[in-house]
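**Student:** Dumping the structure here so I can ask a few things about it.
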Amino acid sequence: MLRIAVPNKGSLSGPASAMLHEAGYRQRKESKELVVIDPDNEVEFFYLRPKDIAIYVASGKLDIGITGRDLLLDSGASAEEILALNFGRSTFRYATRPGTAKGPEDFGGMTIATSYEGIVAKHLADQGIDASVVHLDGAVETAIQLGVAQIIADVVETGTSLRNAGLEVIGEPILTSEAVVIRRHGATDDHPQVQQFMRRLQGVLVARSYVMMDYDCRAEHLEQAVALTPGLESPTVSPLHNEGWVAVRAMVPAKEAQRIMDDLYEIGARAILTTAIHACRL
């Protein structure tokens with residue numbers, strides 16, 4: 001069986017299980033379940049701490065894992081990202097009290113508190129900055145107030161908690177993270193079940209990003225319409241009973257669907273419909 005690691009809790013857990021369910025895999029019904037076997041798809045899912053997943057995959061005990069890019073890099077494990085999943089996005093940045101520093105170039109001799117010691121140490125080393133890194137688990141904002149560090153490095157979403165602590169974000173982002181599929185360095189993807197797993201997840205990503213658009217238009221306006229909805233290879237075009245009219249079907253990016261509908265209407269297209277795509281293979 002293919003052995004796959006899935007986050008057991010945290011912000012990645014729910015979306016990861018939802019995506020796997022959309023991909024046709026059995027998922028756990030209760031949070032207490034640590035292992036789920038899906039005999040129909042010959043897959044065994046292990047629900048693990050997100051921080052540990054890269055280590056298990058790197059060891060070769062598990063074939064595939066879903067975790068955060070930040071957790072993968074921070075672990076230093078011999079594993080690599082093979083697919084970004086477009087959820088669980090976050091930005092990792094430095095912050096400090098106003099006037100302390102403008103960016104990493106000012107960190108020399110200072111101490112930086114973070115829950116992601118591996119990422120910060122590498123970032124500083126890559127830039128040739130001589131600063132100390134202290135590891136803290138969560139609530140790093142208080143490190144400056146308590147005198148443990150002059151700088152913190154943490155995930156920043158809206159920045160509200162930092163402002164409430166009297167801190168400001170400085171410098172460029174250290175890392176932009178999201179949920180990713182990982183495998184052991186050097187592993188090949190020629191295993192049939194690995195290929196199937198990747199195709200299914202890629203199909204979910206495409207299905208979430210596109211809608212199917214159907215509309216009718218005059219034959220003389222077809223080239224203009226097709227230019228607006230080229231589809232993936234090309235749209236499907238069928239003649240209608242009323243002479244001079246055709247029906248067109250094509251996949252279009254979901255985020256552009258409303259604009260495309262407006263443009264189609266302007267060139268005379270009518271009966272314009274969009275429907276969700278639940279699964280696909282490209």
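**Student:** Report ³J(HN,Hα) in whole Hz for each residue of segment 96-106, in order, from the Karplus equation J = 6.51 cos²θ - 1.76 cosθ + 1.60 where θ = phi - 60°; Gly and Pro get x.
**Tutor:** 7, 6, x, x, 6, 7, 9, x, x, 5, 9
**Student:** Work through the residues other than TYR215 whose Cβ is under 10 Å from its Cβ and net out their charges, Lys, Arg +1 and Asp, Glu -1.
**Tutor:** Net charge around TYR215: 0.
**Student:** Spelling out what I want: for every residue of segment 267-282, take phi, set θ = phi - 60°, compute 6.51 cos²θ - 1.76 cosθ + 1.60 (Karplus), and round to whole Hz; glycine and proline get x.
**Tutor:** Karplus values, whole Hz, x for Gly and Pro: 9, x, 5, 9, 6, 7, 10, 10, 9, 6, 10, 8, 7, 7, 9, 10.
**Student:** Still on this structure: Rounded, prolate or oblate: pick one for segment 155-282, where a ≥ b ≥ c are the square roots of the eigenvalues of its C-alpha gyration tensor, a/c under 1.5 means rounded, and failing that, prolate if a/b is larger than b/c, else oblate.
**Tutor:** Taking the square roots of the gyration eigenvalues as a ≥ b ≥ c, segment 155-282 is oblate.
**Student:** Step through the residues of segment 60-77 one at a time and calculate ³J(HN,Hα) from phi using the Karplus curve (6.51 cos²θ - 1.76 cosθ + 1.60, θ = phi - 60°), rounding each to whole Hz and writing x for Gly and Pro.
**Tutor:** Values per residue, Gly and Pro as x: x, 5, 10, 7, 9, x, 10, 8, x, 4, 5, 5, 4, 5, 5, 5, x, 6 Hz.
**Student:** Helix 13-22: angle to the longest alpha-carbon principal axis of the chain, degrees 0 to 90, nearest 10?
**Tutor:** Tilt of helix 13-22: around 20 degrees.
**Student:** Note the angle between two axes, namely the Cα long axis of helix 192-209 and the longest principal axis of the Cα atoms of the chain, as a number of degrees from 0 to 90, rounded to the nearest 10.
**Tutor:** 70
**Student:** Related question: Assuming R0 = 41 Å, what is the FRET efficiency of ARG26 and GLN258, from their Cβ-Cβ distance, to the nearest 0.05?
**Tutor:** 0.70
**Student:** To continue, here is another question. How charged is the neighbourhood of ILE170? Take every other residue with its Cβ under 15 Å from the Cβ of ILE170, and add Lys/Arg as +1 and Asp/Glu as -1.
**Tutor:** Residues near ILE170 contribute -2 overall.
**Student:** Okay, moving on. So for the chain, taking the charge dipole from beta-carbon charges (+1 Lys/Arg, -1 Asp/Glu), which of LEU162, VAL35, ALA254 sits furthest toward the positive end?
**Tutor:** Farthest towards the positive pole: VAL35.
**Student:** Give a quick list of trypsin sites (Lys or Arg not before Pro) in segment 2-99 that DSSP marks as loop, anything other than H, G, I, E or B, with at most 10 other Cβ atoms within 10 Å.
**Tutor:** LYS29, LYS32
**Student:** With Cβ to Cβ distances under 12 Å as the rule, what net charge do the other residues near ILE4 carry (K, R +1; D, E -1)?
**Tutor:** +1
**Student:** Let me ask something additional. Looking at the chain as a GNM with Cα springs under 10 Å, which of SER17, SER132, SER78 has the largest mean-square fluctuation?
**Tutor:** Maximum among the listed residues: SER132.
**Student:** Treating only the Cβ of Lys, Arg, Asp and Glu as charged (+1, +1, -1, -1), what charge dipole size does the chain show about its Cα centre? Round to the nearest 20 debye.
**Tutor:** 660
**Student:** A further question follows. Based on Cβ point charges of +1 for Lys and Arg and -1 for Asp and Glu, what charge dipole magnitude is obtained for segment 200-282 about its Cα centre, in debye rounded to the nearest 20?
**Tutor:** Here the size comes out at about 540 debye.
**Student:** Sticking with this one: With Kirkwood radius over Cα pairs in Å in mind, check [x] 18.9; [y] 22.1; [z] 20.0 and report the label derived from this structure.
**Tutor:** Evaluating Kirkwood radius over Cα pairs in Å on these atoms matches [y].
**Student:** What part of the accessible area of segment 49-174, given as a whole %, is carbon or sulfur when the probe is 1.4 angstrom?
**Tutor:** 46
**Student:** Evaluate E = 1/(1 + (r/R0)^6) for ARG163 and VAL134, where r is the Cβ-Cβ distance and R0 equals 22 Å; express this FRET efficiency to the nearest 0.05.
**Tutor:** Efficiency for this residue pair is about 0.45.
**Student:** Using only Cα atoms, locate the centre of segment 252-282 and the centre of segment 147-198, then give the distance between them in Å, rounded to an integer.
**Tutor:** Here the answer is 34 Å between Cα centres.
**Student:** While we're here: How much mean residue ellipticity at 222 nm does the chain get from its helices, if each DSSP H run of length 4 or more adds -39500 (n - 2.57) and you divide by all residues, to the nearest 500 deg cm²/dmol?
**Tutor:** It comes out at -8000 deg cm²/dmol, rounded to the nearest 500.
**Student:** I would also like to ask the following. Calculate, in nm to one decimal, what ARG199 and TRP245 gain on full extension: separation in residues at 0.36 nm each, minus their alpha carbon distance.
**Tutor:** 12.9 nm
**Student:** In addition: Accessible area per residue of the chain at 1.4 Å probe, in Å²?
**Tutor:** Roughly 53 Å² per residue, with all protein chains present.
**Student:** Would you work out which of LEU136, ALA187, ALA225 lies farthest towards the positive end of the dipole of segment 120-260? Charges go on Cβ: Lys and Arg +1, Asp and Glu -1.
**Tutor:** My answer, from the dipole projection, is ALA187.
**Student:** What does the charge dipole of segment 1-115 about its Cα centre add up to, to the nearest 20 debye, if the Cβ of each Lys and Arg holds +1 and the Cβ of each Asp and Glu holds -1?
**Tutor:** 500
**Student:** Can I ask one more? With the cut-off at 1.5 for a/c, could you classify segment 36-132 from its C-alpha gyration tensor as rounded, prolate or oblate?
**Tutor:** prolate
The values are calculated or read from the model by the stated rules, or taken from the named source; none is laboratory data. Bear in mind the structure is a predicted one, so any value in this text is a computation, not a measurement. For neighbour counting, all protein chains shown are included, and Cβ atoms are generated from backbone atoms with ideal geometry for every residue, glycine included. Heads up: the accessible areas ignore ligands, DNA and RNA and are worked out on the full protein's heavy atoms, side chains in. Shrake-Rupley method; radii C 1.70, N 1.55, O 1.52, S 1.80 Å.
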